[in-house]
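Note sheet for the following structure.
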Amino acid sequence: MRHGKYPFVAGFLFLPVLLYVTFVIYPTLRTFYISMTAWRGFSVAPKWIGFDNYKQLFDDDRFWQAITHHLELLVALPLITIAVALFFAFLLNVGGGSKGGVRTGVWGSKFYRVVFFLPQVLAIAIVGVMFQTVYRPDNTGLVNGVLTKLGFDPVALLVNKNTALWAIMFVAIWQAIGFYVVLFSAGMSSIPAEIYEAAELDGATRASLFFRVTLPLLWDTIQVAWVYLGIAAFDFFALINVLAQDGGYGGPDGATTTLATELYYAASKSKLGYASAIGVVLFFLTLTFAALTLRVTKRETIEY
Amino acid sequence: MSNSPSELSRRTVLRRAAVAGALAVPAVSFLAACSDDDKGGDGGTVAKTPTNPFGMKEDATVEVVIFDGGYGQKYATDGLEPNFKAAWPKATVKHTATQDITALVQPRFQGGNPPEFVNNSGTKSMDFGALVADDQLADLTELWDAPSVDDPNKKVRDTVFAGTVEAGSFNGKPFVLYYVSTVFGIWHSDKLFKDNGWEAPKDWAGFLALCEKIKAKGITPYGYAGANAAYYQWNVILTQAAKIGGGDVLKNIDNLEDGAWTNEAVVKAATAWGTLASKGYINPAFEGLKHTEVQLQQNQYKLAMYPSGDWLEGEQAATTPKDFVYQLAPVPAYDGSDKLSPAAVRSAAGEGYFVSKSAASKAGGLEFMRQMLSKKSARAFTEITEAHAPTVVAGASDGFAFPAGVKSSQAALAAAGKDVVTLFFDGWYQDLDKEARAATNELMFGRIDGKAWAERIQKKADAIKKDASITKFKR
């Protein structure tokens, strides 16, 4: 071992570790501490109250409403987004048959690629404001403008407790699909053409190409997508803040609330200990989810 | 070649690192911040004199934070601040304006060097109850007992409208100056009403009869914005409840008395308003609209009556047709057996300002506040703000040509005489306000009745009363 290796390595690591400790480790530990206190965020020192914030949290109906919504989001958001994105990516990359031994997408795929990706470049707040107009419950909204012209009654998607969460989730899916189409396209382009060629020679249809070749070879990428979308389901906040009833506070009547929404409002009411407790719960939920997903979806990776 | 589960490929490691980073940062870290201990202190004062009642150093620096919302910031930069400078030429005013008061001011409290003078307002304002509970605000008793700028023989408290000191008091101690005098009621267009020969209704039967006539014209009779302004409507219900049962009905609600919400008068008023939906007097789409969208519909003569405070006229200035002419009518009485007169209105001092207790120059903050309560500064506020809002300073806007809407609200306030009601629970207990808003949408769009509405809010009020961690206030 060469002399001076450790100072050299330590020199490299010092700055990143310092940054990580300052901006991630310390705030995280501090949040754990604050969650055990009653603190309003002023210069008065936090008062230790043990697990009282957690007790209050678990007694709160809105907390359980939020958990239910996270479970719905956790299932629906990744499932729908990945399914649709995979389908589009398949059509864009390999769905058009082969030309001179190279797989191509359907006609106009270059144009669609841009169209699908467009929502992704819009800031989430802009998307939210845009959909305020789309969903507006009178005939000046896009959806209801069309419906009333066709002679139907206007629908109040964001006002109805049964549709509000789905209406907001639709916006998230609409926005996310573009990114995952690109992600899956990248994955598909690294699948060797010979495999498709061999499968086609054996008489495989497009459907079996998709399910027997593309899907298994893309498994790693899909797994990454699942984890990302799962985390997005836990961090779901911005769209609710812009679109939901009750001035963004997860309305109507908590029908669209999430933990991040509850956290934000607790913090804005100077209940910082309580808000931190929600943050800690969210932290463990996300951690558990990520660990579970990586374990459950573990498969043998095919290398080529 | 494939790797066994126990081996980590480079990709897996990177992926896990990315996941760990992605979840750790947004979920938790943004809440944490450090708090210093209370630095406190008055930052040096000089001897107190009648012209310098708080002993402010002549060359003090006063940091003024203004909420740049409905009233803008021009009234401060062109009115209050030059007037303060005229009185104290050696002092320095450090002006800041923002729409996000919490983000700007809360870290300063944590750091122990809060700004002297803060206009704590807007949706991102700090919770006054929390500020008071943690003893962050300067006690304004000293200010109210100080000699006023205009007449040194008169105390400041005697130059403002009755109720101003109480409005900003917490358990009897004044901490907040509410500067703007606000009158609440139901607004209509004078043109629309005159063209159709309609008159503002006096009682509930008259209100329903008018709604029927308006509906026949193809105009939505009444409405408020459910998406973000449901409190405009609980305000109407509670004002009517006060007319039925007297001002104590609201006092009991503020004081979290048992059964205050399920009181007969409150249920009676809620039941009455809850019937509008089934009669088709309210547009169901309003539940999903924001206040600006509903107010615009009124300007377009699609909606006849809209409940709000008298900032409405200024807020809508850009979209109001020239001949629209806003007029305020008091919330309709119930019937002849009401305890208060039909002219009764809810009026409150609004737009809160405070002085930080541990600011470098607390005396400077108090002096700035004393100066803004002079007739000259108060009049400047009324003249410069777009709403031309009258302040709590008595006589400051005498002879000022108010626009039609504010003129009508001032007339309504005068007509109400001693039957002026007020309520504070929404500022004291924000959770109760949230519950009342949600319940009010349920009521007004026809999903629950008045009794269920009252019981639901009562349940929340009881829970707050029992919760020892919430600081309670009485009036």
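The values are calculated or read from the model by the stated rules, or taken from the named source; none is laboratory data. Just so it is clear, the model here is predicted, and its values are computed rather than measured. Because the Cβ atoms are built from the backbone with ideal geometry, glycine has one as well, and the counts that use them run over all protein chains shown.
Of the residues making up the range B:398-428, those that are surrounded by 16 or more Cβ atoms within 10 Å (Cβ to Cβ) and within 27 Å of residue B:475 (Cβ to Cβ) number 15. Close Cβ contacts (under 7 Å, 6 or more residues apart or on different chains) running from residues in the range B:406-419 that are more than 13 Å from residue B:326 (Cα to Cα) to residues that are surrounded by fewer than 22 Cβ atoms within 10 Å (Cβ to Cβ) and small (Gly, Ala, Ser) comprise B:415/B:343; B:416/B:343; B:419/B:341; B:419/B:343.
Could you please let me know if residue A:273 is within 25 Å of residue B:120 (Cα to Cα), at the interface with chain B (Cβ under 10 Å from one of its Cβ atoms), in contact with a helix residue (DSSP H, G or I) (Cβ under 6 Å, 6 or more places away or on another chain) and in a helix (DSSP H, G or I)? When the stated conditions are applied, residue A:273 passes them.
When residues in the range B:160-211 are screened for being assigned to a loop (DSSP other than H, G, I, E, B), surrounded by 17 or more Cβ atoms within 10 Å (Cβ to Cβ) and out of contact with any helix residue (DSSP H, G or I) (no Cβ under 8 Å at 6 or more places or on another chain), 2 of them pass. If I go through the range B:244-273 residue by residue, how many of them are within 25 Å of residue B:295 (Cβ to Cβ) and within 25 Å of the chain's Cα centre (by Cα)? The total comes to 3.
The residues in the range A:258-270 that are within 8 Å of chain B (Cβ to nearest Cβ) and either among the charged types (D, E, K, R) or not in a helix (DSSP H, G or I) (or both) can be counted, and the count is 2. Quick check on my filter: what residues within the range A:240-257 are more than 8 Å from every other protein chain (Cβ to nearest Cβ) and either touching a strand residue (DSSP E or B) at 6+ places or on another chain (Cβ under 7 Å) or on the phi > 0 side of the Ramachandran plot (or both)? A:244, A:250 - these are the residues of the range A:240-257 that are more than 8 Å from every other protein chain (Cβ to nearest Cβ) and either touching a strand residue (DSSP E or B) at 6+ places or on another chain (Cβ under 7 Å) or on the phi > 0 side of the Ramachandran plot (or both). Out of A:155, A:134, A:159, one residue alone is within 14 Å of chain B (Cβ to nearest Cβ) and in contact with a strand residue (DSSP E or B) (Cβ under 8 Å, 6 or more places away or on another chain). It is A:159.
Under the condition of being in contact with a Leu (Cβ under 9 Å, 6 or more places away or on another chain), of a type outside the set (Gly, Ala, Ser) and in contact (Cβ under 8 Å) with a residue 12 or more places away in the chain, the residues counted in the range A:1-41 number 5. Taking the conditions (1) free of Cβ contacts under 8 Å to residues at least 60 places away in the same chain; (2) under 30 Å from residue B:230 (Cα atoms) in turn, residue A:171 satisfies each one other than (1). When residue A:288 is tested against (1) more than 24 Å from residue A:181 (Cβ to Cβ); (2) of a type in the set (Ser, Thr, Tyr); (3) part of a helix (DSSP H, G or I); (4) touching a Phe, Trp or Tyr at 6+ places or on another chain (Cβ under 8 Å), only condition (4) is not met. Among the residues of the range B:294-312, count how many are crowded, with 20+ Cβ neighbours inside 10 Å and at pLDDT 90 or above. The total comes to 12.
Take residue A:208 and decide whether it is more than 20 Å from the chain's Cα centre (by Cα), surrounded by 23 or more Cβ atoms within 10 Å (Cβ to Cβ) and on the phi < 0 side of the Ramachandran plot. Against the criterion (more than 20 Å from the chain's Cα centre (by Cα), surrounded by 23 or more Cβ atoms within 10 Å (Cβ to Cβ) and on the phi < 0 side of the Ramachandran plot), residue A:208 does not qualify.
Candidates B:378, B:436: the one that is surrounded by 17 or more Cβ atoms within 10 Å (Cβ to Cβ), at pLDDT 90 or above, within 30 Å of residue A:54 (Cα to Cα) and of a type in the set (A, V, I, L, M) is B:436. When residues in the range A:5-54 are screened for being surrounded by 12 or more Cβ atoms within 10 Å (Cβ to Cβ), in a helix (DSSP H, G or I) and not β-branched (Val, Ile, Thr), 11 of them pass.
So that you can scan it fast, the table gives a plain yes or no per residue for (1) closer than 24 Å to residue A:29 by Cβ; (2) touching a Leu at 6+ places or on another chain (Cβ under 8 Å):
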residue: A:217; (1), (2): no, no
residue: A:226; (1), (2): no, no
residue: A:230; (1), (2): no, yes
residue: A:237; (1), (2): yes, no
residue: A:242; (1), (2): no, no
residue: A:251; (1), (2): no, no
residue: A:261; (1), (2): no, no
residue: A:277; (1), (2): yes, yes
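Report yes if residue A:22 is more than 9 Å from chain B (Cβ to nearest Cβ) and touching a strand residue (DSSP E or B) at 6+ places or on another chain (Cβ under 8 Å), otherwise no. Here the answer is no, as residue A:22 does not meet what is asked. Taking helices (runs of 4 or more DSSP H) as the structural unit, those lying wholly within the range B:72-139 and holding at least 3 residues that are within 14 Å of another protein chain (Cβ to nearest Cβ) and over 20 Å from the mean Cα position of the chain (by Cα) correspond to B:101-111.
Among the criteria (1) assigned to a helix (DSSP H, G or I); (2) out of contact with any strand residue (DSSP E or B) (no Cβ under 8 Å at 6 or more places or on another chain); (3) polar (S, T, N, Q), the one residue B:239 does not fulfil is (2).
Among the residues of the range B:134-143, the one identified as surrounded by 21 or more Cβ atoms within 10 Å (Cβ to Cβ) and more than 26 Å from residue B:49 (Cβ to Cβ) is B:136. Inside the range B:447-475, residues that are within 12 Å of chain A (Cβ to nearest Cβ) and either closer than 19 Å to residue B:176 by Cβ or part of a loop (DSSP other than H, G, I, E, B) (or both) make up a count of 7.
Does any residue of the range A:135-156 turn out to be in contact (Cβ under 8 Å) with a residue 40 or more places away in the chain and buried (at least 21 other Cβ atoms within 10 Å of the Cβ)? Yes, there is a match, as at least one residue in the range A:135-156 is in contact (Cβ under 8 Å) with a residue 40 or more places away in the chain and buried (at least 21 other Cβ atoms within 10 Å of the Cβ). Restricting to the range B:65-119, name every residue that is among the aromatic types (Phe, Trp, Tyr) and either free of Cβ contacts under 8 Å to residues at least 12 places away in the same chain or closer than 14 Å to residue B:365 by Cα (or both). Matches in the range B:65-119: B:84, B:88, B:117.
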